[in-house]
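Enquirer: Could you have a look at this structure, given as structure tokens, before my questions?
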Amino acid sequence: MIKVDNLHKNYGKLEVLKGITTTIQTGEVVAIIGPSGSGKSTFLRCLNLLEAPTSGTILIENQDVTDKKTNIMKVRQNVGMVFQHFHLFPHKTVLQNLTYAPMKVKGLGRDSAEKIAYGLLNQVGLSEKAGEYPTRLSGGQKQRVAIARALAMEPKVMLFDEPTSALDPEMVKEVLEVMKTLANTGMTMAIVTHEMGFAREVADRVLFLDGGVLVEDSPPEEFFANPKSQRAQDFLQKML
Amino acid sequence: MNLDFTQFIPSMPYILKGILVTLQIVILAGVLGFVLGIILSLLKISHIKILNWIADLYTSIFRGTPLVLQLMLIYYGSPQIIGYQIEPYTAAILSFGLNSGAYISEIIRAGILAVDKGQQEAAMALGVPYGKMMWDIILPQALKNILPALMNEFITLTKESAIVTTIGVMDIMRRSYQVGAENYSFFEPLLIAGLIYYLMVMTLTFLGKALEGRMRRSD
Ligand SMILES: Nc1ncnc2c1ncn2[C@@H]1O[C@H](COP(=O)(O)OP(=O)(O)OP(=O)(O)O)[C@@H](O)[C@H]1O
Ligand SMILES: [Mg+2]
């Protein structure tokens, strides 16, 4: 469970997050949508402390990650992240991309790390690519490997920042399928996305951000059928 | 022009032994410079101001003064710095190592900064601690990109190493010069030295290209 309370983030004078409060239950899938520059990425990146919150608290599994005494590295091991541009390690093979952190961070032996890795590659349909270097993969394949890499740490929460925005249209589906399957396994997920169809189908809740403010927080049926705010209505009009 | 190489044939083994001396100095200084370069580059990209400052000062001193001066300061200064006279050979390795460390640190720093910021974020998001991230993720990618520049530095080192002659190290240069003095004819032995340096540099260039090719496997 993730509990965010009155989260603020400033870059110098620029106030990017203006007091976000929300709770993501265990096993819940939350879609985060909103116009460009509204603070979606910043919000997500605060959750695993890639950005340091200016004020407010974030509890992950009842641990206050904004507390100075909390071990950030330990927190990050439980929170997987998938980026728009994959960020696979180009000098490592697909298999090594998956086994690196479990071995070097969690201290897993090679055998158990590879066992987990092969299981995940199978799950994302890329078993036969284990020995390839990332440059030999298509965008969709890269993103599926990136998802598997994050899952290899066996995180409790997965964050996705526009995981399909850098993909050619024909590759979006294969990535969304993997995410849908993951959602069905009960993984807690926060997904920044512009894929409204996906959000509607897979998300349990939609968070609509605008100008650093959480404007709406409602189930997708409700959000897409009757957005309460004018800003969400305008946004959806443009998107659909 | 009358050139007579035949009279120098008996001296060839003597000159050629200088290759080992030169190679030893260049390789040991190269290793020292490389290790130092990595350390300095990490200081330069650190977020701790005083560390940036120390590394920048070091670099500016070693780049801002002549190498031959650094060589002589270390050699002739050793009794006053550490209390006893060091070997010319040691002074050569030290000064070349310390000097190339300054240049290599700039190359590595640029290489690290050129690695996509996303790599660091991906590693951080996986909970990889800073040291391991640098060593396993960032530096290997940086090194691959700067390999040509590093090879260049190594070649420069090989050529510049000829100035160790000035403190009496028995390298290719000094041996050729001595042979010239004995025979009252400097031109031919110096040409021979030139050819040896040239062949060494060509070999290094070739090895560098081969290594680069191997490192490009993942592209
Ligand atoms: N490191 C930074 N320094 C300064 N300003 C930043 C930084 N990162 C983001 N911002 C600013 O914060 C605001 C929110 O950025 P953010 O990336 O969170 O938006 P977003 O909703 O993810 O947008 P997009 O849909 O374009 O990805 C923007 O105005 C952006 O310019
Ligand atoms: Mg964004």
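Enquirer: Answer yes or no: is there a residue in the range A:182-192 that is farther than 25 Å from residue A:79 by Cβ, surrounded by fewer than 20 Cβ atoms within 10 Å (Cβ to Cβ) and within 19 Å of the chain's Cα centre (by Cα).
Expert: No.
Enquirer: Within the group B:126, B:191, B:157, which residue is within 13 Å of another protein chain (Cβ to nearest Cβ) and among the hydrophobic types (A, V, I, L, M, F, W, C)? First the steps, then the outcome.
Expert: Values: B:191 fails: within 13 Å of another protein chain (Cβ to nearest Cβ); B:157 fails: within 13 Å of another protein chain (Cβ to nearest Cβ).
Just one listed residue meets the conditions, B:126.
Enquirer: Moving to a separate point now. Could we say that residue A:88 is within 16 Å of ligand 2 (Cβ to nearest atom), closer than 30 Å to residue B:143 by Cβ, part of a loop (DSSP other than H, G, I, E, B) and within 21 Å of the chain's Cα centre (by Cα) here?
Expert: So residue A:88 fails the test.
Enquirer: I need the helices (runs of 4 or more DSSP H) fully contained in the range B:1-104, keeping only those with at least 2 residues that are open to solvent by less than 80 Å² (accessible area, probe 1.4 Å) and under 22 Å from residue B:173 (Cβ atoms).
Expert: In the range B:1-104, the matching helices (runs of 4 or more DSSP H) lie at B:12-45, B:67-82.
Enquirer: Another question about this same structure. So, in the range A:108-123, exactly how many residues are open to solvent by 10 Å² or more (accessible area, probe 1.4 Å) and in contact (Cβ under 8 Å) with a residue 12 or more places away in the chain?
Expert: Number satisfying all stated conditions: 5.
Enquirer: Checking residue B:111 against (1) within 14 Å of chain A (Cβ to nearest Cβ); (2) surrounded by fewer than 21 Cβ atoms within 10 Å (Cβ to Cβ), only one condition comes out false. Which one?
Expert: (2)
Enquirer: Here is a further query. Does any residue of the range A:191-201 turn out to be of a type in the set (Gly, Ala, Ser), away from ligand 2 (no atom under 16 Å from the Cβ) and at pLDDT 95 or above?
Expert: Checking the range A:191-201: not a single residue is of a type in the set (Gly, Ala, Ser), away from ligand 2 (no atom under 16 Å from the Cβ) and at pLDDT 95 or above.
Enquirer: Also: If we scan the range A:100-107, do we find a residue that is crowded, with 18+ Cβ neighbours inside 10 Å and either away from every other protein chain (no Cβ under 11 Å) or within 16 Å of ligand 2 (Cβ to nearest atom) (or both)?
Expert: no
Enquirer: Which fully enclosed strands (runs of 3 or more DSSP E) of the range A:1-72 have 1 or more residues being open to solvent by 30 Å² or more (accessible area, probe 1.4 Å) and within 13 Å of residue A:214 (Cα to Cα)?
Expert: Values: elements: A:2-11, A:14-24, A:29-33, A:55-60.
Once the strands (runs of 3 or more DSSP E) in the range A:1-72 are filtered for at least 1 residues that are open to solvent by 30 Å² or more (accessible area, probe 1.4 Å) and within 13 Å of residue A:214 (Cα to Cα), what remains is A:2-11, A:14-24.
Enquirer: If you check residue A:57 against the conditions, is it away from ligand 2 (no atom under 15 Å from the Cβ) and touching a residue at least 60 places away in the same chain (Cβ under 8 Å)?
Expert: no
Enquirer: Does residue A:156 qualify as being among the charged types (D, E, K, R), open to solvent by 40 Å² or more (accessible area, probe 1.4 Å) and in contact with a helix residue (DSSP H, G or I) (Cβ under 7 Å, 6 or more places away or on another chain)?
Expert: On the way: among the charged types (D, E, K, R): yes; open to solvent by 40 Å² or more (accessible area, probe 1.4 Å): yes; in contact with a helix residue (DSSP H, G or I) (Cβ under 7 Å, 6 or more places away or on another chain): no.
In short, no.
Enquirer: Of all residues in the range A:222-237, which are open to solvent by 30 Å² or more (accessible area, probe 1.4 Å) and touching a residue at least 40 places away in the same chain (Cβ under 8 Å)?
Expert: Scanning the range A:222-237 gives no hits.
Enquirer: Can I ask one more? Among the residues of the range A:134-143, what is the count of those that are more than 11 Å from chain B (Cβ to nearest Cβ), in a helix (DSSP H, G or I) and more than 13 Å from the chain's Cα centre (by Cα)?
Expert: Restricting attention to the range A:134-143, the residues satisfying the condition of being more than 11 Å from chain B (Cβ to nearest Cβ) are A:137-143.
In the following step, the residues that additionally are in a helix (DSSP H, G or I) were identified as A:139-143.
Subsequent filtering for residues that are more than 13 Å from the chain's Cα centre (by Cα) retains A:139-142.
So the answer is 4.
Enquirer: If I go through the range A:51-89 residue by residue, how many of them are over 23 Å from residue A:179 (Cα atoms) and within 8 Å of another protein chain (Cβ to nearest Cβ)?
Expert: 2
The values are calculated or read from the model by the stated rules, or taken from the named source; none is laboratory data. Everything quoted here is computed from the prediction, not taken from an experiment. Positions of Cβ are generated from backbone atoms using ideal geometry, with glycine treated the same way; all protein chains shown enter the neighbour counts. When the accessible area is computed, the model is the full protein with side chains, heavy atoms only, and any ligands, DNA or RNA have been set aside. Shrake-Rupley method; radii C 1.70, N 1.55, O 1.52, S 1.80 Å.
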